[in-house]
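Inspection log for the structure reproduced underneath, given as structure tokens.
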Amino acid sequence: MLRFLTAGESHGPCLTAILEGLPAGLKIDLDALNHDLRRRQGGYGRGGRMKIEQDRVEILGGIPYRRTTGAPIALRIENKDWANWRRRWEAGDLPRITVPRPGHADYAGMVKYGLDDARLISERASARETAARVAVGALARQFLAEFDVSVGSFVSAIGGVQAEVPALPHPELWSLAEESDLRCPDPRTTERMRQRIDEAREAGDSLGGVFHVTATGVPVGLGSHVQWDRRLDAQIVAAVMSIPAIKGAEIGPAFENAGLRGTQVHDELHPDRQGGVTRETNRAGGFEGGMTNGMPVVVRAAMKPIPTTVSPVRSVDLETGERAETEYQRSDVCAVPAASVVGEAMVAFALADALIEKLGGDSLQEMQDRCTSG
């Protein structure tokens, strides 16, 4: 129903995205879209690249007069660093990189595509590509808002420092996260996280961490149990796992639940005053049988440390077959706060796709009418 493609290299002229499937009649707030791009660029521990790029999206098609028409939407984000690379890039005189970085796409990509230069892999595998995803996710977020669905995130751990997340409603946690340069809703823990990042920077190292993405207002019945590939929880985990450096994702406290008894895990149903049901807990993370159950959708993701470090690690020069050490290329020390914003984008996209599939129709008005009548 909803699909997108991105293209472009990290240091090429621009990043582009094409999004197909948004219904006609959705009014687009370009300022809100660019705000999400700025959120992705923020966070303590980011590298020098963020001082160069000032991401803003240019709409190339599909949104005349700031309103969707049902046509594919074309987006462009300029790489300002291109000005510093253009001459050497076009002349082909950038030095080849023949020593792949462990933990990066370098080695597998060079072997897979028969290339002798890791730069040709890293330029596309770079997390810079996620700027285009955030732009797409911002459009999906604006569509979801028409149905009172909201998506937000926060960081709960960096470099082994675990936050004491306060027991607050999700919107309040998101608000606290927006006030933090590490997107952490616990100010005391945030300071310890900064110290851990500073220690890693001084050691020429990098750090990973954990972030949470939550969606509220999600209706019951998105996704399906009838086939494996229609289970929406699986689609959301796949979407989050597609983010560079994400090595694990769970719905709700899944790994914690695995160590408990069933009576301690399953969210009991209680009658509400409207003749429906309510729950006092959400240990299922908003899903049962691959379908949303009306509770907030909760996704937690683990991000590994960035593989580009100032301190070299052992590798092999694929040109000579000899032992070698990696050479540093400009990067972040920690990008977990940025990854949480990308996580929002991917969850928003997956939910928007499922909602469009559920409601059908070609215009926003048609979908809203069906939602109301349902």
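The values are calculated or read from the model by the stated rules, or taken from the named source; none is laboratory data. No experiment lies behind these values; they were computed from the predicted model shown. Positions of Cβ are generated from backbone atoms using ideal geometry, with glycine treated the same way; all protein chains shown enter the neighbour counts.
One table, with the values for the structure above:
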{"quantity": "Meets criteria (part of a strand (DSSP E or B) and either of a type in the set (S, T, N, Q) or more than 25 Å from P23 (Cα to Cα) (or both)) for S156", "calculated": "yes"}
{"quantity": "Out of R101, R141, R88, sole residue that is surrounded by fewer than 22 Cβ atoms within 10 Å (Cβ to Cβ) and of a type in the set (D, E, K, R)", "calculated": "R88"}
{"quantity": "Residue in segment 22-33 that is nearest to E129 (Cα to Cα), counting only those that are of a type outside the set (A, V, I, L, M, F, W, C) and surrounded by fewer than 18 Cβ atoms within 10 Å (Cβ to Cβ)", "calculated": "D31"}
{"quantity": "Meets criteria (surrounded by fewer than 20 Cβ atoms within 10 Å (Cβ to Cβ), over 22 Å from A348 (Cα atoms) and without any contact (Cβ under 8 Å) to a residue 40 or more places away in the chain) for E202", "calculated": "yes"}
{"quantity": "Segment 346-374 residues that are more than 19 Å from F4 (Cα to Cα), paired with ones that are surrounded by fewer than 15 Cβ atoms within 10 Å (Cβ to Cβ) and among the charged types (D, E, K, R) (beta carbon under 6 Å, 6 or more apart)", "calculated": "L359/R370"}
{"quantity": "Pairs, first of a type outside the set (A, V, I, L, M) in segment 245-271, second part of a helix (DSSP H, G or I), C-beta under 7 Å, six or more apart", "calculated": "N257/V265"}
{"quantity": "Spans of strands (runs of 3 or more DSSP E) in segment 269-374 with at least 1 residues within 21 Å of the chain's Cα centre (by Cα)", "calculated": "297-303"}
{"quantity": "Pick from segment 69-79, criterion closer than 28 Å to G12 by Cβ and in a loop (DSSP other than H, G, I, E, B), ranking: nearest to the chain's Cα centre (by Cα)", "calculated": "N79"}
{"quantity": "Hey, D229 farther than 29 Å from F147 by Cβ and either surrounded by 12 or more Cβ atoms within 10 Å (Cβ to Cβ) or out of contact with any Leu (no Cβ under 9 Å at 6 or more places or on another chain) (or both) or not", "calculated": "no"}
{"quantity": "Filter result for V136 (in contact with a Phe, Trp or Tyr (Cβ under 8 Å, 6 or more places away or on another chain) and either modelled with pLDDT of 95 or more or buried (at least 17 other Cβ atoms within 10 Å of the Cβ) (or both))", "calculated": "yes"}
